[in-house]
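**Student:** Got a structure for you, questions after.
The values are calculated or read from the model by the stated rules, or taken from the named source; none is laboratory data. Since the model is a prediction, treat every value here as computed from it, not as a measurement. Cβ sites come from the backbone with ideal geometry, for glycine too, and all protein chains shown count toward neighbours.
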């Protein structure tokens with residue numbers, strides 16, 4: 001079955017996550033995505049190496065459904081290859097500083113002069129305006145400067161989240177922007193620039209906290225895993241592991257009180273509503289912790305589920321791989337990769353479409369795996385390609 005974006009060609013100059021995962025999503029939707037790397041491989045290819053060739057876990061995830069091309073776009077011959085590719089493409093992804101875009105010939109003005117229908121998706125840390133525009137950064141800078149880290153941890157040491165949610169959030173916003181630009185192009189016939197920024201994404205995620213601070217000036221501080229505006233909402237230690245449970249809204253809280261064997265808690269003025277329960281969450285967590293301490297995880301979760309109170313076990317990465325629901329729902333797609341000791345578990349599809357599903361059609365490419373084929377399609381013969389290799393253009 002053809003994907004939604006069949007016939008769309010994407011040039012992915014991205015690095016790490018915010019750019020490349022946008023390309024991954026477009027590839028899952030059916031686009032032909034060409035990942036363009038340095039001749040010795042881009043830095044993100046080697047992060048957390050898991051295969052004999054040195055390829056990293058991040059790249060094996062981000063590289064699915066992509067063709068691999070090595071290229072030095074700064075050399076004149078490399079600029080010509082870029083020009084030919086852009087003339088035949090629909091989208092360029094590049095989460096690189098503006099000066100690098102200009103040097104490589106993939107800034108929007110240069111791209112539009114070659115192909116007015118091109119869509120350029122760019123990502124930076126701080127955006128193109130403001131005093132920090134030229135600064136560089138990663139996911140954690142967005143966490144740090146959005147209030148997210150300040151509100152995480154124990155109230156003394158700000159704590160980052162290891163999962164790079166700012167990067168992935170930015171990539172998804174990039175994808176939305178690209179899809180919108182492609183839809184608009186059907187009307188106007190013209191491309192445009194799509195711009196995202198890590199700090200903009202992070203502030204979008206923490207925006208409700210900023211609104212509360214602006215209007216109420218509560219000056220909240222981190223409370224470990226307890227919720228600010230709900231309770232009990234916390235991590236709890238059972239006899240053989242940890243769970244997270246959350247009650248929000250009066251019906252849930254009333255059911256929780258009954259489960260705890262103390263229906264009268266629902267009438268306690270300290271717990272009159274979600275905000276009050278958040279403010280007095282420590283007392284509620286103490287009650288819940290005593291209840292959990294006498295039960296194994298499975299029993300606690302079964303009783304909470306019987307009362308329709310949201311809860312889940314806190315799993316290690318290995319336990320996630322072994323989780324019966326993850327297996328039964330086929331969340332992970334196992335793919336062979338050269339040099340990997342076992343099949344690589346890659347998320348099957350981040351979003352499901354009923355008629356035109358996202359698909360994984362190919363594994364991540366080896367370094368430069370499709371260079372010759374792509375150049376041949378652009379009109380380069382075997383002798384031309386050999387000469388380009390001798391000059392270290394590809």
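**Student:** Tell me yes or no: at least one residue of the range 260-269 is surrounded by fewer than 16 Cβ atoms within 10 Å (Cβ to Cβ) and within 30 Å of residue 52 (Cα to Cα).
**Tutor:** no
**Student:** List the number of the failed condition for residue 273; all other conditions in (1) touching a helix residue (DSSP H, G or I) at 6+ places or on another chain (Cβ under 8 Å); (2) touching a residue at least 40 places away in the same chain (Cβ under 8 Å) hold.
**Tutor:** (2)
**Student:** Can you tell me how many residues within the range 1-53 are under 21 Å from residue 139 (Cβ atoms) and in a loop (DSSP other than H, G, I, E, B)?
**Tutor:** Residues meeting the conditions: 11.
**Student:** Looking at the range 185-233, which of its residues are within 20 Å of residue 167 (Cα to Cα), in contact with a strand residue (DSSP E or B) (Cβ under 8 Å, 6 or more places away or on another chain) and surrounded by 19 or more Cβ atoms within 10 Å (Cβ to Cβ)?
**Tutor:** Once the filter is applied, which keeps residues that are within 20 Å of residue 167 (Cα to Cα), in contact with a strand residue (DSSP E or B) (Cβ under 8 Å, 6 or more places away or on another chain) and surrounded by 19 or more Cβ atoms within 10 Å (Cβ to Cβ), the range 185-233 yields 194, 196, 197, 198.
**Student:** Exactly one condition in (1) part of a helix (DSSP H, G or I); (2) at positive phi is not met by residue 200; state its number.
**Tutor:** Of everything listed in (1) part of a helix (DSSP H, G or I); (2) at positive phi, residue 200 misses just condition (2).
**Student:** Pairs only if they're at least six apart or on different chains, beta carbon under 6 angstrom, first in the range 285-310 and in contact (Cβ under 8 Å) with a residue 60 or more places away in the chain, second assigned to a helix (DSSP H, G or I); list them, first residue then second.
**Tutor:** Filtered contacts from the range 285-310: 300/292; 309/256.
**Student:** Quick test for you: out of 60, 69, 39, pick the one residue that is at pLDDT 95 or above and either within 30 Å of residue 355 (Cβ to Cβ) or outside the structural domain of residue 92 (by TED's automatic domain parsing) (or both).
**Tutor:** 60
**Student:** In the range 82-131, which residues are under 23 Å from the mean Cα position of the chain (by Cα) and part of a loop (DSSP other than H, G, I, E, B)?
**Tutor:** Selection gives 90, 95, 96, 97, 125, 126, 127, 128.
**Student:** Give the residues of the range 60-81 that are over 25 Å from the mean Cα position of the chain (by Cα), outside any helix (DSSP H, G or I) and crowded, with 17+ Cβ neighbours inside 10 Å, sorted by residue number.
**Tutor:** Result: 71, 72, 73.
**Student:** Could you please find all residues in the range 214-228 being within 21 Å of residue 142 (Cβ to Cβ) and either in contact with a helix residue (DSSP H, G or I) (Cβ under 6 Å, 6 or more places away or on another chain) or in contact (Cβ under 8 Å) with a residue 40 or more places away in the chain (or both)?
**Tutor:** 220, 221, 222, 228
**Student:** Taking residue 215 as the residue in question, decide whether it is part of a helix (DSSP H, G or I), over 25 Å from the mean Cα position of the chain (by Cα) and closer than 29 Å to residue 314 by Cβ.
**Tutor:** So residue 215 does not fit the description; no.
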